[in-house]
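Visitor: Please read through the structure below; I'll follow up with questions.
The values are calculated or read from the model by the stated rules, or taken from the named source; none is laboratory data. Note that the structure is predicted; figures quoted are calculated from it, not measured. Cβ: placed from backbone, ideal geometry, glycine included. Neighbour counts: every protein chain shown. Surface areas here come from the heavy atoms of the whole protein model, side chains and all, with no ligands, DNA or RNA. Shrake-Rupley method; radii C 1.70, N 1.55, O 1.52, S 1.80 Å.
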Amino acid sequence: MKRTLREIAKLVKGRVIGDEDIEIDGVGGAENANSTDITFALNEEFLQLAQQKAGAIFVVESLAVQRSSKPLIIVDNPRLAFAKVAKLFAFKPYYHPGISKNAYIDDNADIGENVSIHAGVTVESGAKVGDNVVLAHGVYIGHNVIIGQDSIIHPNVVVEYDSQIGKGVEIHPNTVIGSEGYGFEPANDGYVKIPQFGNVVIEDDVEIGSNVTIDRAATASTIVGKGTKIDNLVHIAHNVEIGSDCLIVAQVGIAGSAKIGNRVTLAGKSGVVGHLTVGDNTTLISNSVITNDVPPNSVISGYPAHDHRLERRIKVARKKLPDLLKKVRKLEEDIKSLEEKLEEER
């Protein structure tokens, strides 16, 4: 689907320098775009490269060249403009409106309009699938699950019973939503499993990566707030509550009943101990673990995690330990030598 530069500029609230009627049918990087692609440049080097290949270029005002060899669209954030336009041309492999004859749809399921339901999909009784939803091959939708309109569920995703998925949610392959939380009570003869009666609520515009597990609550709901983005290989335990617009990066683990505020970033391989509260706008650095409540607007790191500025000082000091040990040994030798001299003088 082609778009003119005029249409693209309107979408990103930009200004065109050059021919507004040029048609674009794709996106590409500065080094590999073709003559019908649009790309972006953040500096002079990439601008020169993009002018050799691309059909048009997003740039900031300071890079605008009135006599550019290629049309430019002036925007405040070229990378953001590029991302918005890329969505227009992105390949949609599972968008094929219709229901495969090899899918199982229970008679008591409620299926919306213009859905794409592929072979091997199962939709159980009581489930509600909204308009324009895509269920790719092998997806399982359990009893009484709700899938909001315009959501995309990639192959082999499992959404267990009573889970609620909002509008515009995307869930990538092999993720499990609503698996049972990990709850056991010790007894004289082993452990007794604690039934998990709650559910999972995924709010609107959330994206969840591949091989993620989000456990159902023991009671009430495990919640992922609106606009939150979750990377691959993340585990979110039962009764966790995550706020809106959070970034949860690969291999993060969040233990049961932790409460994560809004706009929190948990970097790769970091973790949060259960029953803690992490305040809004907090950033947890990679490979760190939160073991106490964290106030809003914090940047923390380490194990256990603490103020990141202090952690950096500790790391700098740690590198100096070998030299410090040498100095201590030298001081010990000097002190011993002085003590021996004093003893001789007596």
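Visitor: Evaluate Rg over Rh across the stretch 133-285, taking Cα atoms for both radii and Kirkwood's formula for Rh.
Guide: That ratio is 0.98, to two decimals.
Visitor: Hey, another quick one. Antiparallel DSSP bridges in the stretch 173-310: what percent, to the nearest 5?
Guide: 15 percent
Visitor: In vacuum, with every alpha carbon of the stretch 1-61 counted as one equal point scatterer, what does the Debye formula give for log10 I(q)/I(0) at q = 0.13, 0.22, 0.27, 0.28 Å⁻¹? Two decimals, please.
Guide: -0.28, -0.83, -1.19, -1.25
Visitor: Which pairs in the list 2/167; 84/226; 10/259 are over 30 Å apart, alpha-carbon to alpha-carbon?
Guide: Beyond 30 Å: 10/259.
Visitor: Just from the alpha-carbon atoms, what are the Rg and Dmax of the stretch 32-120 in angstroms?
Guide: Rg, Dmax (Cα atoms, Å): 20.7, 64.
Visitor: Only loop residues by DSSP count here, and only those with at most 14 other Cβ atoms within 10 Å; note down the GluC sites (Glu not before Pro) in the stretch 28-110 that meet that. Walk me through the numbers on the way to the answer.
Guide: Values: sites: 31, 44, 45, 61; in loops: 31.
Answer in residue order: 31.
Visitor: What is the Cα radius of gyration of the chain over 2.2 N^0.38 Å, N being its residue count?
Guide: Numbers: Rg = 27.8 Å, N = 346, 2.2 N^0.38 = 20.3 Å.
So the Cα radius of gyration is 1.37 times the expected 2.2 N^0.38 Å.
Visitor: Which one of 43, 100, 133 is farthest out on the positive end of the charge dipole of the chain, using unit charges on Cβ (Lys, Arg +1; Asp, Glu -1) and the Cα centre as origin?
Guide: The one lying farthest along the dipole's positive direction is 43.
Visitor: Name the GluC sites (Glu not before Pro) in the stretch 249-346 that are in a loop by DSSP and that have at most 12 other C-beta atoms within 10 Å, would you? Mind showing how you got there, number by number?
Guide: On the way: sites: 311, 332, 333, 339, 340, 343, 344, 345; in loops: none.
Within the stretch 249-346, no GluC sites (Glu not before Pro) qualify (loop, at most 12 other Cβ atoms within 10 Å).
Visitor: Order 15, 312, 3 by their accessible area, 1.4 angstrom probe, all chains in place, largest first.
Guide: Greatest to least solvent exposure: 312, 15, 3.
Visitor: Sticking with this structure for a sec: Mean residue ellipticity at 222 nm from the helices of the chain, using -39,500 (n - 2.57) per DSSP H segment of n ≥ 4 over the full residue count, to the nearest 500 deg cm²/dmol? Walk me through the numbers on the way to the answer.
Guide: Numbers: 5 runs with 67 residues, N = 346.
That calculation yields -6000 deg cm²/dmol at 222 nm.
Visitor: How large is the Kirkwood hydrodynamic radius of the stretch 208-277, counting all unique pairs of alpha carbons, in Å?
Guide: Working: mean 1/r = 0.0873 Å⁻¹.
Answer for the stretch 208-277: a Kirkwood hydrodynamic radius of 11.5 Å.
Visitor: Under a 1.4 Å probe, what is the accessible area of the chain per residue, stated in Å²?
Guide: 55 Å²
Visitor: For residue 229, which aspartates and glutamates qualify as cross-link partners when the Cα separation must be under 16 Å and same-chain residues fewer than eight apart are set aside?
Guide: In chain and number order, the partners are 170, 203, 204, 205, 207, 241, 245, 280.
Visitor: Treating each Cα of the stretch 106-191 as an identical point scatterer and ignoring solvent, apply the Debye formula and state log10 I(q)/I(0) at q = 0.12, 0.21, 0.25 Å⁻¹.
Guide: The Debye formula, applied to the Cα set alone, gives -0.36, -0.87, -1.24.
Visitor: If you don't mind, another one. What area, in nm² and to one decimal, does the C-alpha convex hull of the stretch 202-346 cast on average over all directions?
Guide: 11.8 nm²
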